[in-house]
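None of the figures in this text is laboratory data; all of them are computed from the coordinates on show. Predicted, not measured: the structure shown is a model, and the values here were computed from it. Counting neighbours? That spans all protein chains shown, and the Cβs are built from the backbone with ideal geometry, glycine included.
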Amino acid sequence: MAQALGARLKSNETLGDRVIKVDHAGEHGAINIYTWQRAFAKWRCPELVPELDEFLAHERRHRALFEAELARRQKPRCHSFHLCGLGGAVLGVLTGVIGAKAIHATTEAVERVVLRHLQDQRGALRSVDPDVVSVIDAIIADEQQHHDNAANHLRGKRGLTEKVIDRFVAASTEAVIWLGMKL
Ligand SMILES: [Fe+2]
Ligand SMILES: [Fe+2]
């Protein structure tokens, strides 16, 4: 089981514990992305602020759910927690400065990668750790909404900048999840 989802587990840790840690760190990253995008959107594209506020409220709820599950298991945060926070902030600033299409391209790429990992995690943990699956089930509709909303905004409007952002953000998201499963 230790090899499932590419995890390198500690001796006192289950796969479910590790997934909760990694997803908790990921939600922290998402909060930082949207927080910094929102700060620049007020100037670059104020029409996006209500949407970003809604997404931020979702991500805060997600982080709180994972945090409560971590506390219940008496497990510490992931080693990748601050890396996710910092990476999210950098991404949020860079794309917030560029503007609306960069913000949507980021959201679409992050959430696409996240949704795929959440589905893999559900599959790997369904019969092993249903409590983790319950938390994932409580957030997955929001992540799908974030993704679909961004994809709708970008439909037919993807230029080179959006394609480059998509590749970079998807690769960064993959890398930070991979690292979280290994650390
Ligand atoms: Fe989330
Ligand atoms: Fe999200």
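Taking a straight Cα-Cα cut-off under 17 Å and skipping sequence neighbours fewer than 8 places away in the same chain, the lysines within cross-link reach of LYS157 are LYS101.
Relative to the longest principal axis of the Cα atoms of the chain, the long axis of helix 15-44 makes an angle of roughly 10 degrees. Between VAL97 and GLU54, what's the calculated FRET efficiency when r is the beta-carbon distance and R0 is 22 Å? Round to 0.05. Here the calculated transfer efficiency is 0.50. Applying the Karplus relation 6.51 cos²θ - 1.76 cosθ + 1.60 with θ = phi - 60° to region 132-139 yields 3J(HN,Hα) values of 5, 4, 4, 5, 4, 5, 7, 10 Hz, where x marks Gly and Pro.
Straight-distance candidates among the aspartates and glutamates for linking to LYS75, with alpha-carbon spacing under 12 Å and chain neighbours fewer than 8 residues away dropped: GLU13, ASP17, GLU67. Distance from the alpha carbon centroid of region 74-94 to that of region 5-44 works out to 6 angstrom.
Here the 3J(HN,Hα) profile of region 93-108, calculated from phi with Karplus coefficients 6.51, -1.76 and 1.60 at θ = phi - 60°, is 5, 4, 7, x, 5, 5, x, 4, 5, 5, 4, 5, 4, 5, 4, 4 Hz, Gly and Pro shown as x.
Modelled label positions at LYS163 and GLN145, each set 7 Å beyond Cα in the direction of Cβ, lie 3.3 nm from each other. Considering every alpha-carbon pair of the chain, the percent of pairs per 5 Å bin, from zero through the bin containing the longest distance, is 1, 9, 18, 22, 20, 13, 9, 5, 2, 0.
Given a cut-off of 18 Å, what percent of all Cα-Cα pairs of region 114-183 lie beyond it? Counting every Cα pair in region 114-183, those more than 18 Å apart make up 54 percent. Among GLU111, GLU69, a tally of other beta-carbon atoms within 10 Å of each Cβ gives an order, fewest to most, of GLU69, GLU111. For the chain, the longest principal axis of the Cα atoms and the long axis of helix 49-72 meet at an angle of about 10 degrees.
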